[in-house]
Amino acid sequence: MAMWKQGLLVGIVLSTRAAAVPLDDACEGGCASASSSDELSMLAFNGRMMRIARDLSADPQDDDDPLSASGRCWTSGDSCSPNTCCKGVPFTVNKTFPCDSSSPDFAGCEVNNEKEIIAALLHAMTKAEKYRMLRGVGWTNGTFDTEPGYYVGNSGAHERFAIPNLNMQDNGNGFRTMSKELIPEVTGWPCALAISSSWSEEDTERWAVALGKEFRAKGANVILGPGVNVHRVARGGRNAEYNSGESPYLGARLTPPYVQGVQSEQVLAVMKHFIGNSQETNRNSVDSIIDERTLWEVYYPPFIAAVDAGVASAMCSYNKINGKHACGNSENLIKDLKGTMGFEGFVMSDWWALHSFAAEDGVDQEMPGTFTPSIEAFFTDKNLDTLSDAKIDDMTRRQLVMMLRYGLFENPVCQPPDCDQELYRAVATSPQHKQLNLRLATNAVTLLKNEAKVLPLSKKHSTKIALIGPACDAKQDVDRQLDDWMAGSYYNIGGSGRVIAGNVTTILAGVKAKCAEDGAGCVVQAYNGTDVKEALAFVKASAPSVVLICGGAMSTEGKDRDSLSVDNEDLLTGVAKGVADVPVVALTMVPAQTLMPWADDVHGALNVFLAGTYTGDAFASALFGDSNPSAKLPVTMPKSEADTILPCEGATCEYSEKLMVGFPAYQGKEVAFPFGHGLSYTTFTYSSLQAVVTASADGAVSGDLPSDCFATLVCISATVANKGSVSGVEVAQLYVEFPESAGEPPLLLKGFVRTQELPPGGEVKVTFPLYHSDLQVYAGRSEGWKSVDGLFKFYVGSSSRDIRLSGELELSDHEGPSPQWAP
């Protein structure tokens with residue numbers, strides 16, 4: 001038995017909730033100035049100046065010593081001395097500000113930190129200038145059409161103070177391709193759920209940085225993403241856009257690197273859709289009835305993680321939440337988001353999502369700011385004039401804070417309508433982004449089944465491959481998608497989340513390319529029809545050594561999927577059952593949760609969520625073993641649609657399942673493939689389960705403490721070893737069972753580690769830090785988060801249903817004496 005000690009995870013945002021605050025402190029109307037201390041603002045302000053000066057300086061020694069005696073002035077790049085003032089610039093209202101090498105406590109200039117700059121701006125700006133920041137422009141009134149040279153969202157533009165306009169563009173999956181000429185100019189990335197399949201914070205951040213670069217190159221400084229909603233409805237039309245999958249913990253881990261990556265490129269991130277947006281069916285009117293505990297434990301955590309990561313904006317959703325439209329629900333927007341969570345950014349409406357003038361209810365900006373024949377615009381001069389000066393300043397300040405904090409003043413974007421060059425002609429993609437795109441798609445391929453090690457395939461001349469089904473060579477119908485806003489494909493989602501992938505590699509093309517490589521020679525034949533009898537006859541005539549059956553499904557914004565079946569499901573099931581003498585492998589391209597009735601009849605199965613341009617290359621790499629699959633399902637593949645939650649058809653949608661949503665909803669039910677599942681071409685073993693807990697109430701510890709366990713309540717570790725013959729990557733997962741009295745689902749994901757590539761015989765120690773907040777439950781607004789006494793059980797394994805190690809721990813008052821670990 002091992003005593004447990006306390007620790008802190010270094011370099012990863014793990015917090016999934018903010019500390020609760022008393023209701024009196026929830027900033028019901030005046031949270032605008034609720035930010036960090038003046039000292040912290042000073043540090044952030046001076047730190048940004050130092051970075052700008054280093055960027056402007058041609059002297060490489062400045063990078064080596066940013067606090068050298070010689071400094072630089074913001075924007076001008078002029079030399080300056082520590083603790084001296086630089087000449088004012090328009091957005092400091094021409095007031096002097098500190099040299100970048102000044103000490104953090106230097107305050108001898110007219111404005112010395114973020115707070116003082118913004119106060120000066122607000123004092124100098126007219127009401128009309130502030131109003132321009134609170135509503136959008138660029139759409140033709142009475143229509144759903146943007147004007148030439150404008151982005152999906154546009155606001156601001158203040159030449160007098162050099163305040164940048166906000167050029168907003170869909171979406172969290174990439175730069176939205178609204179016309180044919182845009183398609184080759186941007187990268188056709190995998191969808192967010194595909195990226196989440198890698199369970200990799202590093203991949204997520206790399207992707208996000210690339211997104212930020214492309215948006216900047218196209219003249220946009222706001223990305224309308226990430227979408228972080230936890231999946232409730234398996235048929236959800238936008239599940240492919242939502243990175244959380246079926247776990248609030250997974251979303252809370254993957255959202256921060258996205259936010260930080262995008263915003264590192266001077267592009268503001270917008271977390272969406274807040275809150276209760278679980279279906280597209282009747283999305284403008286459905287009323288999501290969700291109790292407080294379920295909101296805080298299931299649906300809020302990814303948003304809290306985004307707030308903790310410094311996300312600039314939040315987009316409220318179309319639906320109602322507990323009787324009021326989300327874009328106008330002060331309980332959620334003011335008390336919860338701006339109050340308890342401590343959100344400092346601004347709330348924008350989804351496009352035409354307002355049903356009233358909701359400024360006093362927490363909405364800071366109306367988008368797109370125009371009216372249609374059936375939808376009113378609310379943030380008019382007349383309505384804004386009814387607000388106090390303090391309220392207007394509160395709404396404006398939230399934008400200015402984020403613009404200043406993330407460098408939008410440093411690098412202005414084009415001003416619509418003069419954005420034709422950036423929007424329609426600038427090439428934002430690059431060879432590096434294309435290489436990353438291929439890597440992300442390859443990492444997203446999940447090996448669901450590999451009976452008798454049918455995979456990987458050989459490329460030798462003796463290998464004859466028969467591909468069955470139109471999905472194997474599905475073409476990208478660009479014209480259809482541009483003509484129909486809701487149209488999607490097997491490579492990208494439809495609606496505002498659509499990034500039409502250009503020059504798509506189909507599965508057939510990917511397989512043929514591998515067989516044409518030097519030294520290869522496998523033979524490829526394909527049947528593109530849908531008739532089962534014809535397909536079986538084709539297989540018999542071609543005498544292959546393996547049969548690949550391909551399936552695909554599409555989804556879009558604006559409607560939920562009609563079912564969880566792939567197109568031509570009968571073809572896949574018929575061929576899987578009808579071919580008896582050679583192995584059959586299923587390849588599926590789907591938006592999210594999908595039925596796989598052929599699963600028991602095939603020898604192998606690979607799946608990828610809508611994966612963009614390199615879909616066929618990614619499949620082929622996995623099929624032939626050029627890459628060893630390492631992805632894990634962020635959702636459950638159910639056995640029966642009856643086991644899933646269906647979209648609500650009526651006006652009221654009771655979340656009666658409460659906490660039993662996502663993968664916990666399938667506990668005790670047979671599934672095709674469980675949450676967290678994903679196989680490898682090698683074999684991983686788990687051993688040496690250990691744990692460390694706090695030694696005393698004051699946090700004193702003894703003995704050696706793992707570096708990534710400092711300041712935790714419980715820190716669990718295990719050893720993962722590669723016992724196979726090829727190198728591979730494993731995603732080890734930690735699940736926790738709370739004491740029965742807590743009323744929690746049977747198993748909750750509370751940790752995961754994606755290992756480095758392990759060679760045969762290699763091993764690594766994986767560590768799962770657990771904080772007090774990870775083992776607490778929400779007890780209502782008055783009590784907030786509470787610790788639970790009793791027996792906690794901990795499970796480490798390769799999926800939610802492949803548990804390799806377990807242990808338990810009796811906890812009584814989480815601040816008390818150290819309990820003992822019982823493996």
List the residue pairs whose Cβ atoms are under 6 Å apart, where the first residue sits in segment 91-120 and is closer than 16 Å to Cys80 by Cα, the second is open to solvent by 40 Å² or more (accessible area, probe 1.4 Å) and assigned to a helix (DSSP H, G or I), and the two are 6 or more positions apart or on different chains. Pro104/Leu43
Are there any pairs with C-beta distances below 7 angstrom linking a residue in segment 213-228 that is more than 19 Å from Asp350 (Cβ to Cβ) and open to solvent by 10 Å² or more (accessible area, probe 1.4 Å) to a residue that is at pLDDT below 95 and among the aromatic types (Phe, Trp, Tyr), with the two at least 6 apart or on different chains, and if so which? none
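Checking the condition open to solvent by 10 Å² or more (accessible area, probe 1.4 Å) and more than 30 Å from Ile117 (Cβ to Cβ), which residue from Glu205, Glu159, Glu201 passes? Lay out the reasoning, then the answer.
Numbers: Glu205 fails: more than 30 Å from Ile117 (Cβ to Cβ); Glu159 fails: more than 30 Å from Ile117 (Cβ to Cβ).
The unique qualifying residue is Glu201.
Do you know which of the residues in segment 302-316 that are touching a Ser or Thr at 6+ places or on another chain (Cβ under 9 Å) and open to solvent by less than 10 Å² (accessible area, probe 1.4 Å) is farthest from Glu657 (Cα to Cα)? Talk me through it step by step, then tell me what you get.
Taking segment 302-316 as the starting set, the residues that turn out to be touching a Ser or Thr at 6+ places or on another chain (Cβ under 9 Å) are 302-306, 308-309, 311, 315-316.
Within this subset, residues satisfying the condition of being open to solvent by less than 10 Å² (accessible area, probe 1.4 Å) are 302-306, 311, 315-316.
Values: Pro302: 20, Phe303: 21, Ile304: 22, Ala305: 24, Ala306: 26, Val311: 30, Met315: 26, Cys316: 24 Å.
Here the answer is Val311.
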Some residue of segment 584-592 being of a type outside the set (Lys, Arg), surrounded by fewer than 24 Cβ atoms within 10 Å (Cβ to Cβ) and within 28 Å of Val186 (Cβ to Cβ): no
Those residues that are touching a Pro at 6+ places or on another chain (Cβ under 7 Å) and either under 19 Å from Ile645 (Cβ atoms) or surrounded by fewer than 24 Cβ atoms within 10 Å (Cβ to Cβ) (or both), I need them from segment 235-245; list them, please. Arg235, Asn239, Ala240, Ser244, Gly245
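Return yes or no: is Ile183 farther than 26 Å from Ala252 by Cβ, among the β-branched types (Val, Ile, Thr) and modelled with pLDDT of 95 or more?
Numbers: farther than 26 Å from Ala252 by Cβ: yes; among the β-branched types (Val, Ile, Thr): yes; modelled with pLDDT of 95 or more: yes.
Yes, satisfied.
So how many residues does segment 563-599 have that are polar (S, T, N, Q), over 27 Å from the mean Cα position of the chain (by Cα) and more than 19 Å from Thr530 (Cα to Cα)?
Keep residues of segment 563-599 that are polar (S, T, N, Q), which gives 563, 565, 568, 573, 588, 593-594.
If we keep only those that are over 27 Å from the mean Cα position of the chain (by Cα) as well, we get 568, 573.
Checking the rest, the ones that are also more than 19 Å from Thr530 (Cα to Cα) come to none.
Qualifying residue count, segment 563-599: 0.
Working carefully through the options Lys632, Lys658, Lys639, find the one that is open to solvent by 40 Å² or more (accessible area, probe 1.4 Å) and in contact with a strand residue (DSSP E or B) (Cβ under 6 Å, 6 or more places away or on another chain). Before the answer, list the steps.
On the way: Lys632 fails: open to solvent by 40 Å² or more (accessible area, probe 1.4 Å); Lys658 fails: in contact with a strand residue (DSSP E or B) (Cβ under 6 Å, 6 or more places away or on another chain).
Lys639 is the lone residue from the list that is open to solvent by 40 Å² or more (accessible area, probe 1.4 Å) and in contact with a strand residue (DSSP E or B) (Cβ under 6 Å, 6 or more places away or on another chain).
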Boolean, Gly142 is among the small types (Gly, Ala, Ser), over 23 Å from Ala312 (Cα atoms), surrounded by fewer than 19 Cβ atoms within 10 Å (Cβ to Cβ) and at pLDDT 95 or above: no
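Applying the selection to segment 535-550, what residues are of a type outside the set (A, V, I, L, M) and in contact with a strand residue (DSSP E or B) (Cβ under 7 Å, 6 or more places away or on another chain)? Outline the logic, then answer.
Within segment 535-550, the subset of a type outside the set (A, V, I, L, M) is 538, 540, 542, 544-545, 550.
Scanning segment 535-550 gives Phe538, Ser542, Pro544, Ser545, Cys550.
Table: residues versus (1) small (Gly, Ala, Ser); (2) within 26 Å of Val267 (Cβ to Cβ); (3) in contact with an Asp or Glu (Cβ under 8 Å, 6 or more places away or on another chain).
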site	(1), (2), (3)
Glu331	no, no, no
Asp350	no, yes, no
His355	no, no, no
Gly362	yes, yes, no
Ala377	yes, no, yes
Asp389	no, no, no
Met395	no, yes, yes
Considering only segment 508-526, I want to know if a residue exists there that is open to solvent by less than 10 Å² (accessible area, probe 1.4 Å) and among the polar types (S, T, N, Q). no
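Tell me yes or no: at least one residue of segment 531-538 is open to solvent by less than 30 Å² (accessible area, probe 1.4 Å), within 31 Å of the chain's Cα centre (by Cα) and not β-branched (Val, Ile, Thr). Talk me through it step by step, then tell me what you get.
So the first thing to find is which residues in segment 531-538 are open to solvent by less than 30 Å² (accessible area, probe 1.4 Å), and the list is 535.
Now restrict to residues that are within 31 Å of the chain's Cα centre (by Cα): none.
Checked segment 531-538: no residue is open to solvent by less than 30 Å² (accessible area, probe 1.4 Å), within 31 Å of the chain's Cα centre (by Cα) and not β-branched (Val, Ile, Thr).
The values are calculated or read from the model by the stated rules, or taken from the named source; none is laboratory data. Computed from a predicted structure; not experimentally measured. When we count neighbours, we look across all protein chains shown, and the Cβ atoms used for this are built from the backbone with ideal geometry, even at glycine. The area values use the complete protein model at the heavy-atom level, side chains included, leaving out ligands, DNA and RNA. Shrake-Rupley method; radii C 1.70, N 1.55, O 1.52, S 1.80 Å.
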